[in-house]
Amino acid sequence: MTESFVIIGDGVAGSSAAETLREEEPDADITVLTDEGEALYNRILIKEFAKGKLPEAPISIHDEAWYEERDIDLQLNTHVVDLRTDDHEVETHEGEVYEYDKLLLSIGGTPQQLPVDNSDADGIHHFWTFQDARAIKNGIEGADGGVIVGAGLLGIDFAAICGEQEVEAKYLMRGECWWRYALSEDGAEIMHEAMRERGVEPVFDSGVDHFEVDEDGHVEAAVDPNGERYPADFAGVAIGLNFNTELVEDTPIETDDGIVVDEYMRTNLEDVYAAGDITQFHDVILGERAQNGAWGSAKEQGTIAAKNMLEHESEGFKWVSSYSITHFDFPFLSFGHPTLGDDEVERKFGDDEWRRLALKDGKIVGGVLIGDLAPQSAYKQLMREQVDVGAHKETLMKREFSVEDLEQEAAAGE
């Protein structure tokens with residue numbers, strides 16, 4: 001009997017799952033339901049489009065014909081409004097009902113809105129979808145001044161967009177540095193200086209108390225909690241995601257700021273899986289639950305979920321994620337979980353070169369590299385293999401570090 005698979009969400013997790021299912025099960029019925037109006041596109045490149053560096057065409061990954069060629073039923077502009085796990089059914093906003101043998105939830109999140117007055121005014125942008133990128137590009141091109149809120153990996157995209165479009169902006173940060181949970185002030189200052197060189201000024205111990213709007217309802221200024229007023233007709237807000245768990249609230253599916261899954265991407269229901277940003281997954285490297293929204297991680301989760309939907313426990317998810325920033329004259333890369341751990345080691349090598357590793361129980365759980373990315377493969381290998389490096393922190397910070405350095409040090413100590 002032919003199995004029926006329904007996938008909710010056509011991001012890279014959902015799409016890679018559909019592709020894997022079709023490769024492994026040529027006769028299966030596969031349906032992909034998405035509320036977006038276009039098929040899979042590259043979320044990494046939409047920031048380059050918003051900066052004006054790329055046209056739209058290279059950003060699309062799959063068109064509708066790609067799904068037709070693989071006999072995958074793609075339904076765009078489709079909102080799933082009800083999930084009935086007992087009946088193995090999902091219902092759309094048009095009343096269409098899809099039955100499934102196995103279900104994959106790759107439903108992601110929605111950008112958080114600042115809980116302040118006028119946060120929904122015209123000219124205030126969030127950055128998640130291709131439609132968001134189009135709106136940002138249109139808004140920034142005619143802007144006189146900008147304000148950015150959210151001192152993390154998405155917020156800095158707004159800083160780069162303002163810099164590329166030559167719009168002077170204030171970057172309002174609650175703490176004393178950008179991405180303060182993963183960087184020390186030494187590392188963050190490299191990023192601050194790069195922003196300043198592009199006309200974006202970091203403002204520390206700040207934030208937004210409220211926005212001011214003109215008589216047409218368009219943003220004209222942000223006022224911070226200290227009473228400082230920053231004129232701006234463009235604002236970018238990137239303070240995190242609200243995970244789209246509303247669909248499963250009235251089901252037995254376990255949630256915890258996301259959908260809880262095991263290392264096989266299965267929820268607490270044997271016929272329901274989840275992948276991508278929405279998952280609180282069991283990280284076999286950390287030995288605890290984790291969440292990670294990086295592109296590569298989501299793609300791998302979709303693939304692993306599909307394999308286990310076909311044969312449960314056939315392959316576990318073991319992944320060291322990476323996130324890179326290419327906005328500046330030097331490279332930047334974070335990997336793993338750089339905001340976690342109970343110990344750390346860092347070193348600055350030059351004006352544009354710095355690195356930091358986060359350790360837990362003596363093992364690497366994440367890190368950040370600025371300027372020189374060469375050691376990343378060695379660090380990721382040690383993290384995957386869960387090697388105890390707690391007694392070798394100085395060696396880890398050697399400029400030309402390799403795994404062989406640890407092996408030689410261990411041999412010398414015998």
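The values are calculated or read from the model by the stated rules, or taken from the named source; none is laboratory data. From a predicted model like this one, the values you see are computed outputs, not experimental measurements. When we count neighbours, we look across all protein chains shown, and the Cβ atoms used for this are built from the backbone with ideal geometry, even at glycine. Surface accessibility is based on the protein's heavy atoms, side chains included, excluding ligands, DNA and RNA. Shrake-Rupley method; radii C 1.70, N 1.55, O 1.52, S 1.80 Å.
Considering the range 206-249, and only residues there that are touching a residue at least 12 places away in the same chain (Cβ under 8 Å), within 30 Å of Ile8 (Cβ to Cβ) and over 20 Å from the mean Cα position of the chain (by Cα), the residue that is most open to solvent (accessible area, probe 1.4 Å) turns out to be Leu247.
Within the range 43-71, being of a type outside the set (Ser, Thr, Tyr), outside any loop (DSSP other than H, G, I, E, B), more than 10 Å from Phe130 (Cα to Cα) and touching a strand residue (DSSP E or B) at 6+ places or on another chain (Cβ under 7 Å) holds for one residue alone: Glu64.
Does any residue of the range 90-98 turn out to be polar (S, T, N, Q), surrounded by fewer than 23 Cβ atoms within 10 Å (Cβ to Cβ) and under 26 Å from Asp209 (Cα atoms)? No, the range 90-98 contains no residue that is polar (S, T, N, Q), surrounded by fewer than 23 Cβ atoms within 10 Å (Cβ to Cβ) and under 26 Å from Asp209 (Cα atoms).
Counting only strands (runs of 3 or more DSSP E) wholly contained in the range 326-414, the ones carrying 1 or more residues that are of a type in the set (D, E, K, R) occupy 343-350, 353-360, 363-370.
Among the residues of the range 132-154, those identified as over 22 Å from Arg196 (Cα atoms) and either modelled with pLDDT under 95 or of a type in the set (A, V, I, L, M, F, W, C) (or both) are Ala133, Ala135.
The single condition from (1) in a loop (DSSP other than H, G, I, E, B); (2) at pLDDT 95 or above; (3) within 22 Å of Ser16 (Cα to Cα) that Ile253 fails is (3).
Scanning the range 281-301 for residues that are out of contact with any strand residue (DSSP E or B) (no Cβ under 8 Å at 6 or more places or on another chain) and closer than 17 Å to Lys363 by Cα yields Val284, Gly287.
Per the listing Glu38, Glu19, the residue uniquely of a type in the set (Asp, Glu), closer than 27 Å to Phe158 by Cβ and within 24 Å of the chain's Cα centre (by Cα) is Glu38. The set of residues from the range 265-291 being under 19 Å from Asn242 (Cβ atoms), assigned to a loop (DSSP other than H, G, I, E, B) and open to solvent by less than 20 Å² (accessible area, probe 1.4 Å) comprises Ala275, Gly276, Ile278.
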